[in-house]
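Take a look at the structure set out below.
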Amino acid sequence: MADEVRIDPASFHNRLSTLITTWKGDKRTGNNVFGDVGSIVVVMGKSDEAQSFHKANATQFWLLGYEFPATLFLMTLEGMYIVTTKKKATYLDVLKEGGKTPVEIIVRGKDQEENAKQFERILDTIKNAGKKVGVITKETSTGPFVNEWKTAFADISKDVEEVDISPALSAVMAVKDENELRAVRNASVASAHTMADYFVDYMSDILDKDKKITHKALSEKIASKIDDDKFFKWKKAPPNFDTMQLDWSINPTVMSGGNFDLKLNSEPDDNNLHAGVIVAAMGLRYQTYAASVARTYLVDPNKGQESMYKLLLSVHDAVIKELRDGVTARDVYNKAISVIKASKKPELVEKFVKSVGAGIGIEARDGTLVLNAKNGRVLKDGMTFSISTGFSDLDNTNPQDKKRDAKYSLFLSDTVRVTPAAQAEGF
């Protein structure tokens, strides 16, 4: 971990207070989002080499602004305990003062007996806090520290009930403050800039000159653009935009020629770019906050394809307008379905995607905040979503190339903020 690490104690304590205040309010009202837990444990193992974000390291980034491998958070309604190594503890000492919630830093060393006693103390605190403990049940963290913790926790597993705390952590982190919203907006603007002002020109040049390039090679070419500092200092760049804060959240992918996978994180194949229907998707991060953008480009389309694309645009627009404070996730999805059913092609419901997006922020996709037909989560002002709509496996009634144009798909994605206004705010 670099020596320039600087944790903002004010931001940490504000966000920790938000979490605990929301938790207390949930207990008081009986909403049960937190599952009536008395404590919450978040364990981070080895650093994620793939730079992906899940609930454990997302929670760390949200509170600290950094990832702290081999570190355990224990939160109760009365205080917070952080178990970590000596070096990491030096960065965390600033958190001991200045907040409403007491924070204790517990330093692990090479003495295994002493380390075991530290875990015993954490386990006693969990038991004293109540019968239920919040954990991240679908956690993917690995490593010796996680294994040691699992072994220790097994000693009390019969005495406490584990409750999946992921939806509660999502509920707290999903509503963004102004700094977070600015980061998402910057990520979204930079993503759209890359798509519109680089990819489109590069793709057009390839097609105009009849060059050959594989989807994979083209996707890698787009990905390398992140190193072009000058490109991201364009005239319409947001104020005080820092190019050093950019990273990929969704690696660029390009699809064409009948092979389409309507997922933002699809892997590009080794087939050559084919004029006709071309789908491109990508997403940048700014200060760890993610955004997404996907577009479908129709090259010399026939009227049937134009009609399908216009329908998708109307569905996409309706979904974004439905993204308002107080509506549920399933309301948003059902709005899309209702637009399709009311169109001249109601049978396209069968070709439509099974969700119209998910929450986005530190995590590129919040699995607890998916916009599908089943999710009853209520949307709130300040939440941000990656809205994705599409039709897959469509029949081309008049293909120019019967082998590669007979089937096609359409896909759109934008990053949108929920507002209390009549409609959501696209970034």
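The values are calculated or read from the model by the stated rules, or taken from the named source; none is laboratory data. Quantities reported herein were computed from a predicted structural model and do not represent experimental measurements. Cβ placement follows ideal geometry from the backbone for every residue including glycine, while neighbour counts extend to all protein chains displayed.
Before moving on, here are some points about what is shown:
- Count of residues meeting criterion [closer than 19 Å to A196 by Cα and over 15 Å from the mean Cα position of the chain (by Cα)] in the stretch 255-273: 3
- Filtered residues of the stretch 281-311 (kept if in a helix (DSSP H, G or I) and either of a type outside the set (A, V, I, L, M, F, W, C) or within 21 Å of S191 (Cα to Cα) (or both)): K303, G304, Q305, E306, S307, Y309, K310
- Check on G357, on the phi > 0 side of the Ramachandran plot and of a type in the set (G, A, S): yes
- Restricting the first member to the stretch 207-235 and to residues that are touching a residue at least 60 places away in the same chain (Cβ under 8 Å) and aliphatic (A, V, I, L, M), and the second to residues that are in a helix (DSSP H, G or I) and surrounded by 10 or more Cβ atoms within 10 Å (Cβ to Cβ), the beta-carbon pairs closer than 9 Å and six or more apart or on different chains are I213/I206; I213/K221; I222/T194; I222/M195; I222/Y198; I222/F199; I222/Y202.
- Residue in the stretch 34-47 that is assigned to a loop (DSSP other than H, G, I, E, B), over 30 Å from E97 (Cα atoms) and free of Cβ contacts under 8 Å to residues at least 60 places away in the same chain present: no
- Pairs linking a residue in the stretch 61-87 that is within 24 Å of E180 (Cα to Cα) to a residue that is assigned to a loop (DSSP other than H, G, I, E, B) and of a type outside the set (A, V, I, L, M), with Cβ atoms under 7 Å and 6 or more positions apart or on different chains, are F61/E67; F61/T288; G65/D8; E67/S47; P69/G45; P69/K46; P69/S47; M80/T101.
- Within the stretch 230-248, the set of residues being of a type in the set (A, V, I, L, M, F, W, C), under 22 Å from I362 (Cα atoms) and in a loop (DSSP other than H, G, I, E, B) comprises F232, A237, F241.
- If the condition is being out of contact with any strand residue (DSSP E or B) (no Cβ under 8 Å at 6 or more places or on another chain), buried (at least 16 other Cβ atoms within 10 Å of the Cβ) and within 21 Å of K176 (Cβ to Cβ), then the stretch 310-330 contributes only E322.
- Hits in the stretch 340-387 - residues which are in contact with a helix residue (DSSP H, G or I) (Cβ under 6 Å, 6 or more places away or on another chain), under 18 Å from A290 (Cβ atoms) and small (G, A, S): G359
- Test: residue in the stretch 87-102 that is assigned by TED's automatic domain parsing to the domain that holds V41, in a loop (DSSP other than H, G, I, E, B) and more than 18 Å from R15 (Cα to Cα): no
- All of G45, G30 fail the test of being closer than 23 Å to V133 by Cβ and either under 21 Å from the mean Cα position of the chain (by Cα) or crowded, with 20+ Cβ neighbours inside 10 Å (or both), apart from G45.
- Candidates S157, S170, filtered to the one that is on the phi < 0 side of the Ramachandran plot, out of contact with any helix residue (DSSP H, G or I) (no Cβ under 6 Å at 6 or more places or on another chain) and part of a helix (DSSP H, G or I): S170
- Of residues in the stretch 122-147 being at pLDDT below 95 and under 16 Å from T84 (Cβ atoms), the one nearest to the chain's Cα centre (by Cα): S141
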